[in-house]
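Structure record follows, encoded as C-alpha cells.
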Amino acid sequence: SFCRLMLAFRAARRLTSFAPNVAQINSGAFQINHHSNCSSSQDGIIKSFKGDDISVLLRNNKLWAEEVTKTDPTFFTNLSNQQSPKVLWIGCSDSRVPANQITGLNPGEIFVHRNIANVVTHTDFNLLSVLQYAVEVLKVRHVIVCGHYNCGGVAGSLTNSQLGLIDNWLRNIKDVYKENKAEIKRLPEGKARLDLLCELNVVKSVRNVCHTTIVQNAWANGQPLNIHGWCYGLEDGLLRDLGVRVSSAEQIEEIYRTALTQLKEKKLSS
C-alpha cells in the first residue's frame, strides 16, 4: 500500500510543473560534487542531499552551527534558555514547504505542526496537544493553517483509487470536496480543481481550529489569538492570504461563509 501511495503522490505532482526545493531557491549558485553526488554551495554546505551518505547531514550541521555562531555568538545560548514563538504553523508534511525558510524567520520563531495535507480534525490528539501547548503555554498570538498548491494528499482525495491506510485520513478532504462538489466540477479537470480544493481544505481546517475548546476557551478568557488561512505556491515561492482571519468566536461562521464564496467566485471567473 505504501508503494501505491507513493505512485499516487508522484502522479499528483505531475498535474503542474515541478518546482525546485525552497532551500535550493534561497541558496544561490551551486557546484556539483561528483564524489558525494550532492549539490554544494561555495560555503561547503551540501544543499541537495541525494541519500548516499547520511554523515553529510552531520557535517552540514557542524558547518551551519559554526556559521551561525560567527554571526551571533550568543544565538544558541539565548535559544536554549527560552522558547517564545508568536506563531503556531499548521502545515503540510511536504518537504518543499519548510515554515521557517519560506517566512524568512530564524529557529525559535515558529512553533510547527505538520501532517499530510494540513488537515485539522477534532480526533487528532497529536495536533490538539500541539495546539494546546502553543495557545495555553507559549501564548502564541497567531495560528496559521498553511496549505500548498499541487498537494499530493489533496490530489489523492480527488481519485477513487484505494491508497491504503491514508484513505482514512483523506476522508476528511473528500468531505470538503462533497460539500463543494457543484462549484469544483464547474472548473476544468486537473490543476484548476486541485487548486480550489487545496484552498477550501485550508479554510475548513481554519474553521475546525476555531471550534476547538482550546481556542474557544482562549477567546473566552480574553486572550488575543488570530487564526489565519494561507496557501503556498510551489511554482513561485509565494504565500497567499486566503482572506480568512478569525479573532473571536462570533466571527467564525460569517468569515467562513464569506471566504468560501469569494474563493469559488474567483476561480470560476478566472
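The values are calculated or read from the model by the stated rules, or taken from the named source; none is laboratory data. On a predicted model such as this, the values are computed, not experimentally measured, just so you know. Positions of Cβ are backbone-derived with ideal geometry, glycine not excepted, and every protein chain shown enters the neighbour counts. With ligands, DNA and RNA removed, areas are computed over all heavy atoms of the protein, side chains included. Shrake-Rupley method; radii C 1.70, N 1.55, O 1.52, S 1.80 Å.
Legend: translational diffusion of region 213-270 by Stokes-Einstein, Rh = Kirkwood radius over C-alpha pairs, 4 °C, 1.567 mPa s; D = 99 µm²/s.
What FRET efficiency comes out for Phe76 versus Ser129 if R0 is 35 angstrom and r is the Cβ-Cβ distance? Round to the nearest 0.05.
0.85
Calculated FRET efficiency, Asp175 to Ile54, Cβ-Cβ distance, R0 = 35 Å: about 0.30 to the nearest 0.05. Here is the size of region 114-270 from its Cα atoms: Rg then Dmax, 15.6, 46 Å. Between Ala192 and Glu136, the modelled label-to-label distance comes to 4.7 nm, taking each label 7 Å out from Cα in the direction of the beta carbon.
In terms of packing, defined here as the mean over residues of other Cβ atoms within 10 angstrom, the peptides 58-68, 150-160 line up highest first as 150-160, 58-68. Using a simple spin-label model with pseudo-atoms 7 Å out from Cα toward Cβ, Leu268 and Gln223 lie 3.9 nm apart.
Where Lys and Arg each count +1 and Asp and Glu each count -1, what net charge lies around Tyr177 among other residues with Cβ under 10 Å from its Cβ? So the surrounding residues net to +3.
Per residue, region 142-249 exposes an accessible area of 42 Å² to a 1.4 Å probe, with every protein chain left in place.
Mean projection of the alpha-carbon convex hull of region 71-174 over all orientations, in nm²? Show your work: numbers first, answer last.
Values: hull surface 31.8 nm².
One quarter of the hull surface, i.e. the mean projection, equals 8.0 nm².
Proximity of backbone amide H atoms, modeled 1.01 Å from N, is registered between Ser48 and Ser39 at under 5 Å, excluding neighbours fewer than 5 places apart on the same chain.
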